[in-house]
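The values are calculated or read from the model by the stated rules, or taken from the named source; none is laboratory data. Please read all numbers here as calculations on a predicted model, not as lab measurements. Here the Cβ positions follow ideal geometry from the backbone for every residue, glycine too, while neighbour counts run over all protein chains shown.
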DNA sequence: CTGTTGACTCCGG
DNA sequence: ACCGGAGCCAACA
(Lines give C-alpha, C1' and ligand atoms only; values in the text may rest on other atoms or scores of the structure.)
Protein backbone atom coordinates (compact mmCIF):
# COMPACT_ATOMS: atom_id res chain seq x y z
CA UNK A 1 0.00 0.00 0.00
CA UNK A 2 1.31 3.36 -0.92
CA UNK A 3 0.12 6.80 -0.04
CA UNK A 4 -1.48 7.07 -3.41
CA UNK A 5 -3.47 3.87 -3.05
CA UNK A 6 -4.96 5.21 0.13
CA UNK A 7 -6.01 8.32 -1.70
CA UNK A 8 -7.75 6.30 -4.36
CA UNK A 9 -9.56 4.19 -1.80
CA UNK A 10 -10.96 7.25 -0.13
CA UNK A 11 -11.84 8.76 -3.44
CA UNK A 12 -13.96 5.80 -4.33
CA UNK A 13 -16.00 6.27 -1.20
CA UNK A 14 -17.34 9.55 -2.44
CA UNK A 15 -20.93 9.12 -3.57
CA UNK A 16 -22.09 10.63 -6.82
CA UNK A 17 -23.11 14.23 -6.55
CA UNK A 18 -20.71 14.92 -3.69
CA UNK A 19 -17.18 16.28 -3.57
CA UNK A 20 -14.32 16.55 -1.13
CA UNK A 21 -11.09 18.47 -0.80
CA UNK A 22 -7.43 17.60 -1.00
CA UNK A 23 -7.14 18.66 2.56
CA UNK A 24 -9.91 16.35 3.74
CA UNK A 25 -8.22 13.40 2.10
CA UNK A 26 -4.82 14.16 3.56
CA UNK A 27 -6.40 14.69 6.92
CA UNK A 28 -8.19 11.37 6.77
CA UNK A 29 -4.89 9.71 6.01
CA UNK A 30 -3.48 11.33 9.11
CA UNK A 31 -1.15 13.47 7.03
CA UNK A 32 -0.81 17.00 5.75
CA UNK A 33 0.40 16.04 2.33
CA UNK A 34 -2.17 18.13 0.49
CA UNK A 35 0.12 18.44 -2.45
CA UNK A 36 1.09 14.81 -2.50
CA UNK A 37 -2.62 14.06 -2.80
CA UNK A 38 -2.81 16.26 -5.84
CA UNK A 39 0.14 14.47 -7.36
CA UNK A 40 -1.57 11.16 -6.74
CA UNK A 41 -4.63 12.39 -8.63
CA UNK A 42 -2.48 13.57 -11.44
CA UNK A 43 -1.00 10.12 -11.90
CA UNK A 44 -4.40 8.53 -11.55
CA UNK A 45 -3.57 5.07 -12.92
CA UNK A 46 -7.05 3.92 -11.93
CA UNK A 47 -9.13 6.38 -13.91
CA UNK A 48 -12.03 6.50 -14.45
CA UNK A 49 -12.55 3.97 -11.72
CA UNK A 50 -11.34 6.62 -9.35
CA UNK A 51 -13.40 9.80 -9.60
CA UNK A 52 -10.60 12.31 -9.17
CA UNK A 53 -12.88 15.01 -10.50
CA UNK A 54 -14.74 14.97 -7.19
CA UNK A 55 -11.77 16.53 -5.47
CA UNK A 56 -11.61 20.30 -5.26
CA UNK A 57 -9.73 22.99 -3.35
CA UNK A 58 -10.60 23.86 0.20
CA UNK A 59 -12.28 27.10 -0.82
CA UNK A 60 -14.64 25.32 -3.18
CA UNK A 61 -12.88 26.29 -6.39
CA UNK A 62 -12.26 23.60 -8.98
CA UNK A 63 -8.53 23.23 -8.95
CA UNK A 64 -6.85 21.32 -11.73
CA UNK A 65 -7.59 18.22 -13.73
CA UNK A 66 -5.60 15.87 -15.94
CA UNK A 67 -8.03 16.34 -18.84
CA UNK A 68 -8.50 20.05 -18.25
CA UNK A 69 -10.45 21.76 -15.52
CA UNK A 70 -13.17 22.55 -17.98
CA UNK A 71 -13.73 18.84 -18.36
CA UNK A 72 -13.77 18.50 -14.63
CA UNK A 73 -16.48 21.10 -14.31
CA UNK A 74 -18.52 19.37 -16.94
CA UNK A 75 -18.27 16.04 -15.18
CA UNK A 76 -19.32 17.58 -11.90
CA UNK A 77 -22.26 19.26 -13.53
CA UNK A 78 -23.29 15.95 -14.99
CA UNK A 79 -23.36 14.62 -11.46
CA UNK A 80 -25.83 17.25 -10.42
CA UNK A 81 -23.51 19.92 -9.03
CA UNK A 82 -23.58 23.58 -9.92
CA UNK A 83 -20.41 25.45 -10.75
CA UNK A 84 -20.37 29.20 -11.12
CA UNK A 85 -17.34 31.29 -11.90
CA UNK A 86 -15.02 28.33 -11.44
CA UNK A 87 -16.39 27.66 -7.98
CA UNK A 88 -18.84 25.17 -6.62
CA UNK A 89 -22.22 26.60 -5.71
CA UNK A 90 -23.34 25.76 -2.19
CA UNK A 91 -20.07 23.99 -1.59
CA UNK A 92 -20.78 23.12 2.04
CA UNK A 93 -23.97 21.32 1.02
CA UNK A 94 -22.25 18.97 -1.42
CA UNK A 95 -19.12 18.47 0.62
CA UNK A 96 -18.63 14.84 1.61
CA UNK A 97 -17.05 14.04 4.95
CA UNK A 98 -15.41 10.68 5.32
C1' DC B 1 21.09 10.31 -0.09
C1' DT B 2 20.00 15.29 -1.70
C1' DG B 3 17.24 18.41 -4.49
C1' DT B 4 13.24 19.78 -7.12
C1' DT B 5 8.46 19.78 -8.08
C1' DG B 6 3.51 20.14 -7.62
C1' DA B 7 -4.34 19.00 -9.55
C1' DC B 8 -2.50 22.55 -2.14
C1' DT B 9 -3.42 25.63 2.06
C1' DC B 10 -2.96 29.34 5.14
C1' DC B 11 -1.94 34.06 6.39
C1' DG B 12 -0.54 38.73 5.69
C1' DG B 13 -0.54 43.09 2.98
C1' DA C 1 -10.79 40.91 -4.36
C1' DC C 2 -5.90 40.00 -5.63
C1' DC C 3 -1.00 38.79 -5.02
C1' DG C 4 2.96 36.91 -2.72
C1' DG C 5 5.40 34.06 0.50
C1' DA C 6 5.93 30.24 3.69
C1' DG C 7 4.79 25.64 5.01
C1' DC C 8 3.53 20.97 3.92
C1' DC C 9 4.80 15.96 2.16
C1' DA C 10 5.23 12.07 -1.17
C1' DA C 11 7.23 10.99 -5.63
C1' DC C 12 10.89 11.07 -8.84
C1' DA C 13 15.46 12.23 -11.07
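When the range A:39-51 is filtered for residues that are touching a helix residue (DSSP H, G or I) at 6+ places or on another chain (Cβ under 7 Å), without any contact (Cβ under 8 Å) to a residue 40 or more places away in the chain and assigned to a loop (DSSP other than H, G, I, E, B), the ones remaining, listed by number, are A:44, A:46. Pairing residues of the range A:74-93 that are at positive phi with residues that are assigned to a strand (DSSP E or B) and at pLDDT 95 or above, at Cβ distances under 8 Å and at least 6 apart in sequence or on separate chains, gives A:86/A:61. Can you tell me which residues in the range A:26-38 are in a helix (DSSP H, G or I), over 12 Å from the mean Cα position of the chain (by Cα), within 9 Å of DNA strand C (Cβ to nearest atom) and in contact (Cβ under 8 Å) with a residue 24 or more places away in the chain? Correct list: A:36 only. Is one or more of the residues making up the range A:11-25 in a helix (DSSP H, G or I), modelled with pLDDT under 95 and within 11 Å of DNA strand C (Cβ to nearest atom)? The answer is no, given that none of the residues of the range A:11-25 is in a helix (DSSP H, G or I), modelled with pLDDT under 95 and within 11 Å of DNA strand C (Cβ to nearest atom). Among the residues making up the range A:59-81, a single one is touching a strand residue (DSSP E or B) at 6+ places or on another chain (Cβ under 9 Å), part of a loop (DSSP other than H, G, I, E, B) and loosely packed, with under 14 Cβ neighbours inside 10 Å: A:59. From the list A:4, A:54, pick out the single residue that is buried (at least 16 other Cβ atoms within 10 Å of the Cβ) and without any contact (Cβ under 8 Å) to a residue 40 or more places away in the chain. A:4 is the lone residue from the list that is buried (at least 16 other Cβ atoms within 10 Å of the Cβ) and without any contact (Cβ under 8 Å) to a residue 40 or more places away in the chain.
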